[in-house]
Amino acid sequence: MSKGASPYQVLSQGVEFQQLDSRDAQTDNIAAAKALSEAIKTTLGPKGLDKLLVGADGTMVVTNDGASIVDRMDITHPAAQSIVEIAAQQDARVGDGTTSALILAGELLTEAETLLEDGLHQMSIARGYTLACDRARETLYDQAIPVSPDDATLQAVARTSVTGKWGRDASDFLAQKAVAAVRAIERDGTVDLGRITRKAIPGSSYYDSELVDGLIIDMDSSSTTPVSLEPGLPNVFEDATVALIDDQLTIETATGQGAVSLETPDDRHEFREYEQEVYERYVDRIAGAGADVVFCQKSIDDAVRYLLTKEGILPIERTRQDELEKVGRATGARPVGTVDDLTAAETGRAERVERRDVGPTEVAIVDGGRDVDQVSVLLRGSTQQVADETKRVVDGCFHVLSRTIEDGVVVPGGGATAVHLAGDLREYAATVPDREQLAIEAFADALEVIPRTLAASAGLDPIDTIVELRASHHDGDHTTGLRLENESGRIGDVVEGEIVEPLAVTERALASATEAANLLVRIDEIVAVTRDEDGHDHDHDHDHGPGGLVESTEGYPWAVGHSMGH
Ligand code: ADP
Ligand code: MG
């Protein structure tokens, strides 16, 4: 076959193609994705089980966060990897719902397998799934509950999002911290998450996690260093005046105006005097502006530090640029380009500037007091892994809270929304006269995997539960779902139980799962693509007829979707 006629020309040049498998690829892909979904199924919801993840280097993490598990799994199967990518996007875009998306994708593929066996064409399945997903996303708005972002609503959303990750008390505690952090930086209904600094530091329990109205600087991971040559300098400055200098407090000796030759003792004496003069000018400026603490973006000469500390001023040098800005937001100080521009007008105020040992590291805390544009959360855990895991879950919670504030709509959780959407899809399916009808019904069945899984996690019979939930929804109770907030898990009104989540999380989970399932349903061939050393592409002959339509599956260079239409 000539190069020009190769149906693989849609892929980039300089790669070698090798056809691996053309018959079992689909079954194999589906099996890999299903296995992944099965692996995390038991972690869903507040009664989900923990997984112990053991890394190759022996590190261990206990988690029941689906996103966290797939992130750490060593997944090599390309199809499973594509599913993981979609899950990662779910996490990045809305901060929650990853496990649900993965379980739903797995269930859609299980249903698809049956449909394929029954002779439904893969393209009919994909089209049916797309129709069902579009319909479900519309129907989702029937379930929408408009909310005002008061503390009680946000607390409910935060708790639903973090539930099951720790014990109930710890979940409540961390949910409260997350709500307080987001509310502190909320301005006119928008939330800029860049204004929350998060640090995970091991060596203590969750309950020692704290929220600071300002900035926490981890001295180990930041270039920022406080220097204190004077042992008498306190560790805590209350009601401190803060100055920010976006420059260095040193003397340029090599070049420029300050350059002097130091050949004779007189020269040296003269230079020392000059030096002393400059240093004193620096300190006069800083002290004259009334500063108690000075953050300097570059380095500070020893002599300047010494003079500053003698004046009772805490010098902090090599402050990272972003941290300088955040200190500014926390205190109202404006960074000056050179110390000569510093006056009292450019300084800001902090309720407290504190240096403290936290676990294995030293931190500086700049607490601006109330109404600051920068907050920080210090998340603790017994080990680094636990602290990091906590940070990850709380991060998701920040996302979910900002969504709730910005969109102002939530939907019932605990499987209630899934049951409602499934019921609607079954009615809708009956109105679709084509073969896609079967795929829409299958989509409805797949959606019920959420309440089924939640029921099973609480030891309830999944079949009885689904029957009961369907009956209740049929009677018009669209908020009936599983209430697993305490030991006696049962069916009830989930909104009453304050189990609600942002509409956007559910909507994205539906879209992600459908996208993932359709991607794998449509692929019936895997082609390995290896890059040739000298960049030439080498086509190997293969049995593709010229009629074979090949589409490039964007972002998945290993895969070639090969569909014949019908
Ligand atoms: P995901 O990664 O999909 O967010 P989770 O393990 O966080 O997975 O579980 C989320 C599911 O748990 C959602 O369907 C949510 O509605 C449900 N859920 C949360 N809290 C409760 C509760 N108290 N009772 C019943 N279901 C709950
Ligand atoms: Mg969750």
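Annotations
- Share of carbon and sulfur in the accessible heavy-atom surface of the chain [1.4 Å probe, %]: 47 percent
- The slack between Asp192 and Arg426, meaning 0.36 nm per residue of separation minus the straight C-alpha distance, is 80.2 nm.
- When the chain is reduced to its Cα atoms, the Kirkwood hydrodynamic radius in Å: 27.3 Å
- Residues of the range 458-483 with amide N under 19 Å of a point placed 7 Å along Cα→Cβ from Arg490: 458-473, 477-483
- Modelled this way, with points 7 Å down the Cα-to-C-beta line, the labels at Arg93 and Asp118 are 2.9 nm from one another.
- Helix 416-429 vs. the chain, principal-axis angle (Cα, 0 to 90°, nearest 10): 40 degrees
- Within the range 268-306: backbone nitrogen closer than 12 Å to the Thr225 label point (7 Å, Cα to C-beta): 299-302
- His474 versus Gln321: modelled label distance in nm, points set 7 Å from Cα along the beta carbon direction: 6.4 nm
- Taking every DSSP bridge with both residues inside the chain, close to 75 percent are antiparallel.
- Between the range 409-452 and the range 91-154, the alpha-carbon center distance in angstrom: 9 Å
- Put simply, the C-alpha atoms of the range 20-101 give a gyration tensor, and the ellipsoid matching it has half-axes of 23, 16, 12 Å, longest first.
- A straight chain from Asp464 to Glu85 at 0.36 nm per residue would run longer than the Cα-Cα distance by 133.0 nm.
- Sites Glu38 and Asp239, calculated FRET efficiency, Cβ-Cβ separation with R0 56 Å, nearest 0.05: 0.45
- Once the C-beta distance of Ser204 and Leu49 is scaled by a Förster radius of 22 Å, the resulting FRET efficiency is 0.30 to the nearest 0.05.
- With a simple spin-label model that places each label point 7 Å from the Cα along the Cα-to-Cβ direction, the separation between Arg334 and Asp169 comes to 5.0 nm.
- Each listed q (0.17, 0.20 Å⁻¹) maps to a log10 I(q)/I(0) for the range 228-368, found by the Debye formula over equal Cα scatterers with no solvent: -0.90, -1.17.
- Over the chain, accessible surface divided per residue gives 44 Å², non-protein components excluded, 1.4 Å probe.
- Selection from Thr250, Gln297, Thr338, by position along the positive dipole direction of the range 228-368 (Cβ): Gln297
- Förster-model FRET efficiency, 25 Å R0, Glu362 and Glu275, C-beta, rounded to 0.05: 0.20
- Residue pairs, from the table Lys199/Lys298; Lys47/Lys391; Lys34/Lys199, whose Cα atoms sit over 29 Å apart: Lys34/Lys199
The values are calculated or read from the model by the stated rules, or taken from the named source; none is laboratory data. Worth saying up front: this structure is predicted, and the values here are computed from it rather than measured. Here the Cβ is made from the backbone with ideal geometry for all residues, glycine too, and neighbour counts use every protein chain on show. Accessible surface is based on the protein model in full, side chains and every heavy atom, while ligands, DNA and RNA are left aside. Shrake-Rupley method; radii C 1.70, N 1.55, O 1.52, S 1.80 Å.
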